Amino acid sequence: MKVGFIGLGAMGLPMTRHLLAVGHDVTVASRSRAPIEAAVAAGAKEGDGPSGVVRASEITILCVPDSPDVVRVLDDAFDALGSGKIVVDTSTIDPQVEREQHARVTATGASYLDAPLSGGTVGADKGALTLMVGGDAAVLDAARPALEPFAGLIVHAGGPGFGQVVKLCNQLVYAAQMLAVAEATTLAVKEGVDLGVVYEVLTHATGDCTAIRTRIPFEGARSDAPASNGWRPGFITELMAKDVDLVLRESARAGVSTRAASAVRPVLGSAVEAGYGREDFSALGKIVRREAGLD
């Protein structure tokens, strides 16, 4: 299958490698030279920008940071869209903007899916990402061969934009988890409790969650956590802040109160201002630690 991939970042490049590994004919484009060269070295072809990628491909996958980036890519590729083309946006963006992209792409005769991802760089490397997909079920069936190589689970969430809504629900829960884990572990440290004890109890109690298992924000607490590895990102602070902004915006549209999102967003903002924007988002714990007098 001829597959295009636009956006070879920390997620996109390993996703592209999985597509190549199963034998797809992959054409790529990205803003930076280094990941394009890495993809070409792995067997991909370089396309002439977004338009060239779409022209060369049956299915084109987008994986870019934010709503304006998706719109810009589709603007650049618009003249190549038409019957027989499928575009799958795996970015996390504003659901309303995504619905607008569904409408403009399908008006050309092409098909469109929103399919944001969960699993971070670890899931991308392992080919075990979770995809929540908005759009027509028949289009998803046609696109599956281009999605399954990097997916552990693909869920059809509903119509246009539903994938983005489900992703924002996930991000709200995960960001709130991370703040709670940062505060809980900071409390434990200030009280002199060993974090190994906290980990053992919480992972076998009602406080168990992904954040406690993977992101205790204290160096040395868990050897595989970002804090113990130079805050190497599985998902960067800047993008989590962006996603929480999307949660706040969509919740306002829907008339839903957002106490948890409103609590975590300023801490993420402080982490970005402190220079932790490109570190793993568990670096928000350094703000909690500092406020508690631990740093």
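The values are calculated or read from the model by the stated rules, or taken from the named source; none is laboratory data. The shown structure was predicted, so the numbers you read here are calculated from the model rather than taken from an experiment. Cβ atoms come from the backbone with ideal geometry, glycine included; neighbour counts cover every protein chain shown. Each accessible area value is taken on the protein alone, full model and side chains, heavy atoms only, with ligands, DNA and RNA left out. Shrake-Rupley method; radii C 1.70, N 1.55, O 1.52, S 1.80 Å.
Answer yes or no: is there a residue in region 143-154 that is touching a helix residue (DSSP H, G or I) at 6+ places or on another chain (Cβ under 9 Å), more than 20 Å from residue 10 (Cα to Cα), at pLDDT 95 or above and not hydrophobic (A, V, I, L, M, F, W, C).
No, region 143-154 has no match at all.
Within region 205-263, can you find the residues that are closer than 14 Å to residue 280 by Cα, among the β-branched types (Val, Ile, Thr) and either open to solvent by 70 Å² or more (accessible area, probe 1.4 Å) or in a loop (DSSP other than H, G, I, E, B) (or both)?
216
Could you grab me the full set of residues in region 281-295 that are within 28 Å of the chain's Cα centre (by Cα) and of a type in the set (Gly, Ala, Ser)?
Scanning region 281-295 gives 282, 283, 285.
Quick test for you: out of 263, 225, 252, pick the one residue that is in contact with a Lys or Arg (Cβ under 6 Å, 6 or more places away or on another chain), closer than 30 Å to residue 94 by Cα and not polar (S, T, N, Q).
225
Being of a type outside the set (S, T, N, Q), closer than 18 Å to residue 154 by Cβ and touching a helix residue (DSSP H, G or I) at 6+ places or on another chain (Cβ under 7 Å), is that true of even one residue in region 30-49?
no
Looking only at region 107-126, count how many residues are open to solvent by 10 Å² or more (accessible area, probe 1.4 Å), in contact with a helix residue (DSSP H, G or I) (Cβ under 6 Å, 6 or more places away or on another chain) and farther than 17 Å from residue 59 by Cβ.
2
So which residues in region 273-295 are part of a helix (DSSP H, G or I), open to solvent by less than 30 Å² (accessible area, probe 1.4 Å) and under 10 Å from residue 186 (Cα atoms), if there are any at all?
Listed by number, the residues that qualify are 285, 286, 288, 289.
Restricting attention to region 31-51, does a residue exist that is in contact (Cβ under 8 Å) with a residue 40 or more places away in the chain and open to solvent by less than 50 Å² (accessible area, probe 1.4 Å)?
Yes: one or more hits.
Can you tell me how many residues within region 71-92 are touching a strand residue (DSSP E or B) at 6+ places or on another chain (Cβ under 6 Å) and either open to solvent by 50 Å² or more (accessible area, probe 1.4 Å) or of a type in the set (A, V, I, L, M) (or both)?
Number of matching residues: 4.
Only one residue in 30, 67 is touching a Gly at 6+ places or on another chain (Cβ under 9 Å), polar (S, T, N, Q) and closer than 24 Å to residue 280 by Cβ. Which one? Walk me through how you get there before you give the answer.
Working: 67 fails: touching a Gly at 6+ places or on another chain (Cβ under 9 Å).
So the residue among 30, 67 that is touching a Gly at 6+ places or on another chain (Cβ under 9 Å), polar (S, T, N, Q) and closer than 24 Å to residue 280 by Cβ is 30.
Looking at 188, 157, 138, 146, which one is open to solvent by less than 30 Å² (accessible area, probe 1.4 Å) and within 30 Å of residue 65 (Cα to Cα)? It would help to see each step written out before you state the result.
Values: 188 fails: within 30 Å of residue 65 (Cα to Cα); 157 fails: open to solvent by less than 30 Å² (accessible area, probe 1.4 Å); 138 fails: open to solvent by less than 30 Å² (accessible area, probe 1.4 Å).
Of the residues listed, the single one that is open to solvent by less than 30 Å² (accessible area, probe 1.4 Å) and within 30 Å of residue 65 (Cα to Cα) is 146.
When you check residue 64 against the structure, is it open to solvent by 10 Å² or more (accessible area, probe 1.4 Å), of a type outside the set (S, T, N, Q) and part of a loop (DSSP other than H, G, I, E, B), yes or no?
yes
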